[in-house]
1. If I ask for residues that are under 23 Å from Ala6 (Cα atoms) and either acidic (Asp, Glu) or within 17 Å of the chain's Cα centre (by Cα) (or both), which ones from the stretch 87-105 would you list?
2. Look at the stretch 91-119 and say how many of its residues are of a type outside the set (A, V, I, L, M, F, W, C) and in contact with a Leu (Cβ under 7 Å, 6 or more places away or on another chain).
3. Can you tell me which residue within the stretch 81-98, out of those that are open to solvent by less than 60 Å² (accessible area, probe 1.4 Å) and aliphatic (A, V, I, L, M), is modelled with the lowest pLDDT?
4. Might you let me know whether the stretch 32-45 holds any residue that is open to solvent by less than 50 Å² (accessible area, probe 1.4 Å), of a type in the set (Val, Ile, Thr) and either in contact (Cβ under 8 Å) with a residue 24 or more places away in the chain or not assigned by the TED database to the domain that holds Glu13 (or both)?
5. Just checking, does the stretch 2-24 include any residue being open to solvent by 80 Å² or more (accessible area, probe 1.4 Å), basic (Lys, Arg) and over 17 Å from the mean Cα position of the chain (by Cα)?
6. Quickly run through the stretch 48-102 and pick out the residues that are closer than 16 Å to Ile19 by Cα and assigned to a loop (DSSP other than H, G, I, E, B).
7. If Lys133 satisfies all but one of (1) modelled with pLDDT of 95 or more; (2) over 16 Å from Pro11 (Cα atoms); (3) among the charged types (D, E, K, R), what's the number of the condition it fails?
8. In the stretch 124-146, what residues are surrounded by 10 or more Cβ atoms within 10 Å (Cβ to Cβ) and either touching a Pro at 6+ places or on another chain (Cβ under 7 Å) or within 21 Å of Thr85 (Cα to Cα) (or both)?
Amino acid sequence: MTAIDATKMSPAEWELMRIIWTKNGASSTEVIKLMQQKRAWTESTIKTLLRRLVNKKILKTVKDGRKFIYHPTVGEKEAMDENVTELFDHLCNMKKGKVVIELLSKLELSRSDIKELQRILEQKSKTAPEMVKCDCLPEGMKNECC
């Protein structure tokens, strides 16, 4: 997969991409049919979103007879990681832990996910500082943010 900026996708585009990632490529007819089972979107809305994703180079098209098949140019995990990283880059370092805690309290997680989180947290606790430094202001300035 190429280095595409997946942070430029709108929430609606994410909806379409989830279908295309799951199907590992799909025709516009297939995407329209599946998307309309999830949302009350018109065919023209879905085609517009597909065209935008192609213009952003997040999708590529391959002609298959009389139809076009849409294929992702960025992997789902890569896109998710890129978006989460960008979001967390904007947060105060000192507050990131609280955001993760709040998120975890709201998410439905599998037992295997929980075990993996526990393993990672156990490892991180061995070298974790007592307190994470705030990075909202330049170092050395009085910081009342946190």
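The values are calculated or read from the model by the stated rules, or taken from the named source; none is laboratory data. No experiment lies behind these values; they were computed from the predicted model shown. Here the Cβ positions follow ideal geometry from the backbone for every residue, glycine too, while neighbour counts run over all protein chains shown. Heads up: the accessible areas ignore ligands, DNA and RNA and are worked out on the full protein's heavy atoms, side chains in. Shrake-Rupley method; radii C 1.70, N 1.55, O 1.52, S 1.80 Å.
1. Leu87, Phe88, Asp89, His90, Leu91, Val99, Val100, Leu103
2. We begin by selecting, within the stretch 91-119, every residue of a type outside the set (A, V, I, L, M, F, W, C); these are 93, 95-98, 102, 105-106, 108, 110-113, 115-116, 118-119.
Cutting the leftovers down to in contact with a Leu (Cβ under 7 Å, 6 or more places away or on another chain) gives us none.
Within the stretch 91-119, residues that are of a type outside the set (A, V, I, L, M, F, W, C) and in contact with a Leu (Cβ under 7 Å, 6 or more places away or on another chain) number 0.
3. In the first step, residues of the stretch 81-98 are kept if they are open to solvent by less than 60 Å² (accessible area, probe 1.4 Å); the result is 82-83, 88, 91-94, 96-97.
This time we only want the ones that are aliphatic (A, V, I, L, M), so: 91, 94.
Details: Leu91: 95, Met94: 92.
This residue is Met94.
4. Checked the stretch 32-45: no residue is open to solvent by less than 50 Å² (accessible area, probe 1.4 Å), of a type in the set (Val, Ile, Thr) and either in contact (Cβ under 8 Å) with a residue 24 or more places away in the chain or not assigned by the TED database to the domain that holds Glu13 (or both).
5. Among the residues of the stretch 2-24, at least one is open to solvent by 80 Å² or more (accessible area, probe 1.4 Å), basic (Lys, Arg) and over 17 Å from the mean Cα position of the chain (by Cα), which makes the answer yes.
6. Matches in the stretch 48-102: Ile58, Thr73, Val74, Gly75.
7. Only one criterion is unmet by Lys133, namely (1).
8. Within the stretch 124-146, the first condition is being surrounded by 10 or more Cβ atoms within 10 Å (Cβ to Cβ), and the residues that meet it are 128, 132-137, 143, 145-146.
Hits for the stretch 124-146 are Ala128, Val132, Lys133, Cys134, Asp135, Cys136, Leu137.
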